[in-house]
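The structure under discussion appears below in the form of structure tokens.
The values are calculated or read from the model by the stated rules, or taken from the named source; none is laboratory data. Bear in mind the structure is a predicted one, so any value in this text is a computation, not a measurement. Ideal geometry is used to build each Cβ from the backbone, glycine not excepted, and the neighbour counts take in all protein chains shown. For the accessible areas, the whole protein counts, side chains as well, though only heavy atoms, and no ligand, DNA or RNA atoms are used. Shrake-Rupley method; radii C 1.70, N 1.55, O 1.52, S 1.80 Å.
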Amino acid sequence: MAAITRLVKRTPYLPCAARFLSHAPPQKERNVQWVFLGCPGVGKGTYASRLCNLLGVPHIATGDLVRSELASNGPLSSQLSEIVNQGKLVSDEIIMSLLSKRLADGEAKGESGFILDGFPRTIKQAEILEGVTDIDLVVNLKIQEEALLAKCLGRRICNQCGGNFNVASISLKGENGRPGMVMAPLLPPAHCMSKLVTRSDDTEEVVKERLRIYSEKSQPVEEFYRSRGKLLEFDLPGGIPESWPKLLQALNLYDYEEKQSVAA
Ligand SMILES: Nc1ncnc2c1ncn2[C@@H]1O[C@H](COP(=O)(O)OP(=O)(O)O)[C@@H](O)[C@H]1O
């Protein structure tokens, strides 16, 4: 915990230029540069995007970059659609090029800091990232494996407002010293209900393949950051109401959220 407190204290919430693609010397004070790791379905997007709102940094999810490239019907679309719908990883080259473009666009708009979600997913990506910027902290979100498939299959997106929801209702019994876990569905407001769609790669077969690929290609990334003293392991105790306050505490941000809401 002391190590994490040190990492968090090293990351004041003051602006500076994102230095992702340059080797510019570190500036004294800048926004957080964090990474969220975790299996498909664990809730990286939900918690990363909440933290981004709190800290005022962009939430950069490589899965979203891939989906928007797919939707654009650009030159990479058909190649990407085949890879994504098989649950495979897009090549490091394509991902680096989508991410570099996103960061350059953000930098041009004056964005600073980031939380990366879904990147890095291979050791090669982690090495490239390590070579070009300082990552302050890597949060590894975990939930009981039995919940992952149900959470992926329960995901829904509103095709009008883009909101993310989940219709899965999860209840796991505690056994062999392991605590039980209840996760209520995250239902949309009534006006989104008829506009919900499911991601084309959230079918049982494809999710199982993504989980397999995660343990083969992405789990080594956890060790990459653990050995560098940057990894914060966080076991989600349940749904958002139980997990969010505990995550803030683990990140030493509990008071920060209170101060923000008083200031608002
Ligand atoms: N860093 C990455 N490297 C390679 N492929 C990626 C990366 N990020 C996203 N993708 C591709 O986009 C798909 C969707 O990603 P994402 O939305 O992060 O899904 P998940 O719910 O599995 O975490 C992945 O299955 C993969 O094909």
Inset, instruction - Would you mention how many residues in region 185-201 are of a type outside the set (Val, Ile, Thr), within 16 Å of the ligand (Cβ to nearest atom) and under 20 Å from residue 70 (Cα atoms)? - result: 3
Legend entry - region 94-126: number of residues that are within 13 Å of the ligand (Cβ to nearest atom) and either assigned to a loop (DSSP other than H, G, I, E, B) or open to solvent by 10 Å² or more (accessible area, probe 1.4 Å) (or both): 15
Legend entry - Given (1) open to solvent by less than 50 Å² (accessible area, probe 1.4 Å); (2) more than 13 Å from the ligand (Cβ to nearest atom); (3) touching a residue at least 24 places away in the same chain (Cβ under 8 Å), number of the condition residue 131 does not satisfy: (3)
Legend entry - Unique match (being out of contact with any helix residue (DSSP H, G or I) (no Cβ under 6 Å at 6 or more places or on another chain) and in a loop (DSSP other than H, G, I, E, B)) among 90, 35, 57: 57
Inset, instruction - Answer with yes or no whether residue 171 is modelled with pLDDT under 95 and assigned to a strand (DSSP E or B). - result: yes
Legend entry - Close pairs (7 angstrom Cβ cut-off, 6 or more residues apart or separate chains): more than 18 Å from residue 114 (Cβ to Cβ) and free of Cβ contacts under 8 Å to residues at least 40 places away in the same chain in region 57-79, part of a helix (DSSP H, G or I) and of a type in the set (Asp, Glu) anywhere: 76/69; 77/69
Legend entry - Selected residue (only one of 228, 210 is surrounded by 12 or more Cβ atoms within 10 Å (Cβ to Cβ) and closer than 29 Å to residue 70 by Cβ): 210
Inset, instruction - Name, by its number, the condition in (1) without any contact (Cβ under 8 Å) to a residue 24 or more places away in the chain; (2) in a loop (DSSP other than H, G, I, E, B); (3) over 27 Å from residue 215 (Cβ atoms) that does not hold for residue 188. - result: (1)
